[in-house]
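Only one structure is covered here, and it is reproduced in the block below.
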């Protein structure tokens, strides 16, 4: 029996290791599931004539058939407290064949549905996660953040809960700090003011909580750069790619001469866009640029003067 198992293991491993043709050493291999063969596309050699089709045994000709015949659920997600692994009882009051449930059984199904919802959240930790992740999804939707950032923020929050870092802090502030960290990690940063406006939390509290999480969870996030704000600011100001390219060149020159250290990235990005809009023939006022970047006109003016003076930029009148 042991020898048989060993032979099967050796056979399966040998099949898995086939990555090139033994005849011509080509790596262009094709899988013919109709004949159950593994074929080399270059020389036509049949490498394996007992290839196993690992796909489903059913066929689907449209999306409706594919969804109805599939026997697997949605993929795992960090945005649900149980990662989407629990089951749910549908509220359509129909059985697996699509027929209406008899009225005598509706009360029983209602009770089952109610207890199913209750047992999904079994303790205080899961209740905390369920509420926090729902709020996180709402806040992320308000800011228009994509799914990958929401998933990253959920992972950060779960780590904070696991290390018991939530105690003594409001859930909203920790959720906001997790979103802020996820945005920075994904390279699509949002300012603390934007996070505070979307989450209805105090800006200082979010910053304090973020620094605490970053230190305790060892997030190792790099400081944001002005270049990361250019695309969003230019888009909101309806500026062309030409202006964006000029602004990026200005920021790159300032970075080479070490002029950006100690300066706010949003202020530098706003000043570079202001200069680029003038030289690019699509002039915007300091007030318009400042409003988009969420900084004051004084900040834009000061950064503008520094860049023009230190980089010897000629402003076109």
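Points worth noting:
- Filter result (surrounded by 11 or more Cβ atoms within 10 Å (Cβ to Cβ) and either in contact (Cβ under 8 Å) with a residue 40 or more places away in the chain or at positive phi (or both)) within region 23-37: 36
- When 133, 145 are screened for being assigned to a loop (DSSP other than H, G, I, E, B), touching a residue at least 24 places away in the same chain (Cβ under 8 Å) and assigned by TED's automatic domain parsing to the domain that holds residue 162, only 145 passes.
- Of the listed requirements (1) free of Cβ contacts under 8 Å to residues at least 60 places away in the same chain; (2) in contact with a helix residue (DSSP H, G or I) (Cβ under 8 Å, 6 or more places away or on another chain); (3) over 19 Å from residue 191 (Cα atoms); (4) assigned to a helix (DSSP H, G or I), residue 177 misses just one: (3).
- Some residue of region 25-39 being in a loop (DSSP other than H, G, I, E, B) and in contact with a strand residue (DSSP E or B) (Cβ under 8 Å, 6 or more places away or on another chain): yes
- Test: residue in region 64-73 that is surrounded by 13 or more Cβ atoms within 10 Å (Cβ to Cβ), within 28 Å of residue 129 (Cβ to Cβ) and within 39 Å of the chain's Cα centre (by Cα): no
- All told, residue 83 meets the bar of being within 30 Å of residue 164 (Cα to Cα) and either under 37 Å from the mean Cα position of the chain (by Cα) or surrounded by 12 or more Cβ atoms within 10 Å (Cβ to Cβ) (or both).
- Taking the criterion of being surrounded by fewer than 18 Cβ atoms within 10 Å (Cβ to Cβ) and either on the phi < 0 side of the Ramachandran plot or assigned to a helix (DSSP H, G or I) (or both), the residues of region 229-245 that qualify are 231, 232, 235, 236, 240, 241, 242, 245.
- Only one of the listed residues (278, 273, 260) is in a helix (DSSP H, G or I) and either under 20 Å from residue 143 (Cβ atoms) or without any contact (Cβ under 8 Å) to a residue 40 or more places away in the chain (or both). That residue is 278.
The values are calculated or read from the model by the stated rules, or taken from the named source; none is laboratory data. Predicted model, so just to flag it, every value in this text is computed and none were measured. Using ideal geometry, Cβ is built from the backbone for each residue, glycine included, and neighbour counts are taken over all protein chains shown.
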